[in-house]
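Notes for the one structure printed next.
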Amino acid sequence: MSVTTTRLPEVKNYIGGKFTGAPKKSMDVLSPIDGTVISTVPLSATEELDEAVKSAKAAFESWSNTPIKERVQIFYRYKSLMEKNLHELASLVQEENGKTIDEAIAEVEKSIELTEFACSMPQLVPGKILEVSRGVECRIDHKPLGVVASIAPFNFPHMVPHWTIPNAIVLGNCMILKPSEQVPLSSNKIAMMLKEAGLPDGVFNIVNGDREIVEAICDHPGIQAVSFVGSTKVAKIVYKRSTSNLKRCLALGGAKNHLIVLPDAHPEMTATNVTASMSGCAGQRCMAASAMVGVGNIDPIISKIVDEAKKIIPGKNLGAVISKEARERINRYITEAEKAGAKVLVDGRNWKVEGKENGFYVGPTVIDFVTPDMAIAREEVFGPVIAIIRAKDINEALKIENGSDYGNAASVFTQSGGMARLVMEKASAGMIGVNIGVPVPREPFSFGGWNDSKFGVGDITGESSIEFWTQLKKTSIKWNPESKTNWMS
Ligand code: NAD
């Protein structure tokens, strides 16, 4: 993985179709790859949010009255622009987030897929009409909400904003995006390309910032709905604060995904899947394998996992983690588990990448004999670490999985259909994998977890998002004066 970080342009807010002047406060954006300052991001205050809401409100009347067939034409053009600029967009993701270029390309390709789905909305949202009595009909239409907000995390600077932007906007809403202050650069590029595709000014806006601006979004009376993706701690705050202000909210939180491995699992396939799942994007995926529950004697599979993990080299086929603090947190989890009696089979602490000594790297880490009470078994580590917990049978394995506060994903590795079926039924998670380490549903299937991994009704992508971004208008129509009047008339 050779990447040279450079000083990139300053990040700006994007309001009413223009990149706007600097708010009073700002902070440096650091490259995870070498620790250098690559840009500066504004930390906006309520005034900047007010301006963005005003501009979005002004655009709403005309945008919501634009037929959906016309709205999607802009997103067809936008999708082509993403395809044309794929490598440039992926390089930007790599520079600000630290993942490998292949991972960054896959991320932008997923944004393209999400946009394709939004382009199919005209086929998915036609209303219904029925003659309910002679000469009287009822119709039902999906109507946009107005100004909506989307708050994003650091781990997918390009893809997570595309979970919300295309669907919400195609459905007629005007949006304010609050990117993660750690990776704000891709969003500026998204704004430029939406404008180039023909999106009218004010329909899409960006307000950068941190906690202060998130709280202001939750409180702002001009915003109808808030979607959030990030840690569970903040998801709870955002969900409670937005809904107490009578807004619609869908808040996706953190994860602790369990992979249950049975002794009959295909050894090579299991080892490569487990390793890729725990180390892809440096373990900073809400779908990453974090705990592996080994049922019975799975020593031969563990030794293959160790071999696979040793092939993963930071700075080569493993990216950096987001910050110095993240690296320290991950190392702390490993050290505490070791002190509590777990056995570190592959140790990712203290990695230095030649020429990138100031980068934030953690090597792949495999820890065996973790017990369910250890912090590394219960909490989200968010690094390239797999904690192996031993279980005597499938029931004990399921009890461990079910005991997690989270519920984003769970997978089972086995060649037995019956065992796979049991885990599919009993695992307490929204997304299940059978012999798949990262069971992300592809479009048109929707994305969303259970338990402390999601607060609110429905999922963030796919058809489920239609309910979140729209409200139903029910109209009863009579053109026939002879029609009988009943108690409802
Ligand atoms: P985070 O919760 O720290 O930040 C997310 C957003 O909230 C950012 O825009 C940030 O500016 C803002 N924020 C941070 N602290 C805040 C506070 N105290 N009050 C109000 N706003 C605040 O998350 P992160 O570190 O950027 O992202 C990693 C987390 O996101 C992990 O927990 C990961 O599992 C989760 N995640 C979940 C999903 C999912 O689909 N469930 C997807 C991606 C990431």
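The listed residues are G209, G172, and the only one of them that is on the phi > 0 side of the Ramachandran plot, near the ligand (Cβ under 9 Å from one of its atoms) and not basic (K, R) turns out to be G209.
For residues that are over 19 Å from the mean Cα position of the chain (by Cα) and closer than 14 Å to V148 by Cα, scanning just segment 246-259, find the one that is farthest from the ligand (Cβ to nearest atom).
Ranking the qualifying residues of segment 246-259, first place goes to L246.
Close Cβ contacts (under 6 Å, 6 or more residues apart or on different chains) running from residues in segment 376-390 that are modelled with pLDDT of 95 or more to residues that are among the acidic types (D, E) comprise I388/D368. The set of residues from segment 317-374 being β-branched (V, I, T) and closer than 17 Å to T100 by Cα comprises V321, I322, V353, V362. Would you call N85 closer than 28 Å to G315 by Cα, at pLDDT 95 or above and not aliphatic (A, V, I, L, M)? So N85 passes the test.
If we scan segment 465-478, do we find a residue that is part of a loop (DSSP other than H, G, I, E, B) and closer than 25 Å to A152 by Cβ? No, there is no match, as no residue in segment 465-478 is part of a loop (DSSP other than H, G, I, E, B) and closer than 25 Å to A152 by Cβ. Consider segment 317-331 and keep the residues that are over 30 Å from R442 (Cβ atoms) and within 16 Å of the ligand (Cβ to nearest atom). The one that is most open to solvent (accessible area, probe 1.4 Å) is E325. Across segment 26-47, the number of residues qualifying as in contact with a helix residue (DSSP H, G or I) (Cβ under 9 Å, 6 or more places away or on another chain), on the phi < 0 side of the Ramachandran plot and either in a loop (DSSP other than H, G, I, E, B) or open to solvent by 50 Å² or more (accessible area, probe 1.4 Å) (or both) comes to 7.
Looking for something open to solvent by 60 Å² or more (accessible area, probe 1.4 Å) and either within 18 Å of the chain's Cα centre (by Cα) or in contact (Cβ under 8 Å) with a residue 12 or more places away in the chain (or both) - is there at least one such residue anywhere in segment 103-112? So far as segment 103-112 goes, yes, one or more of its residues are open to solvent by 60 Å² or more (accessible area, probe 1.4 Å) and either within 18 Å of the chain's Cα centre (by Cα) or in contact (Cβ under 8 Å) with a residue 12 or more places away in the chain (or both).
Considering segment 453-464, and only residues there that are of a type in the set (S, T, N, Q) and more than 7 Å from the ligand (Cβ to nearest atom), the residue that is modelled with the lowest pLDDT turns out to be S464. Being more than 16 Å from the ligand (Cβ to nearest atom) and open to solvent by less than 20 Å² (accessible area, probe 1.4 Å) holds for only one residue in P263, P300, P221, P314, and it is P314. Within segment 70-84, the presence of a residue that is open to solvent by 20 Å² or more (accessible area, probe 1.4 Å), in contact with a Ser or Thr (Cβ under 6 Å, 6 or more places away or on another chain) and not charged (D, E, K, R) is excluded. Can you tell me which residues in segment 304-324 are within 21 Å of the chain's Cα centre (by Cα) and either among the polar types (S, T, N, Q) or in a helix (DSSP H, G or I) (or both)? Hit for segment 304-324 is S323, nothing else. The residues in segment 231-245 that are touching a Pro at 6+ places or on another chain (Cβ under 9 Å) and either more than 7 Å from the ligand (Cβ to nearest atom) or more than 17 Å from W450 (Cα to Cα) (or both) can be counted, and the count is 1. Considering E137, E181, E196, E116, the condition of being open to solvent by 10 Å² or more (accessible area, probe 1.4 Å) and within 16 Å of the ligand (Cβ to nearest atom) is satisfied by E181 alone. Which residue is farthest from the ligand (Cβ to nearest atom), if the candidates are limited to segment 141-151 and must be open to solvent by less than 10 Å² (accessible area, probe 1.4 Å) and in contact with a strand residue (DSSP E or B) (Cβ under 6 Å, 6 or more places away or on another chain)? Filtering first and then ranking leaves V147. Going by what's in this entry, would P23 be described as assigned to a loop (DSSP other than H, G, I, E, B), touching a Ser or Thr at 6+ places or on another chain (Cβ under 8 Å) and open to solvent by 60 Å² or more (accessible area, probe 1.4 Å)? No; evaluated as a whole, the condition is false for this residue.
The values are calculated or read from the model by the stated rules, or taken from the named source; none is laboratory data. Note that the structure is predicted; figures quoted are calculated from it, not measured. Glycine gets a Cβ as well: all are built from the backbone with ideal geometry, and neighbour counts include every protein chain shown. Areas reflect the complete protein model, heavy atoms only, side chains present, ligands, DNA and RNA absent. Shrake-Rupley method; radii C 1.70, N 1.55, O 1.52, S 1.80 Å.
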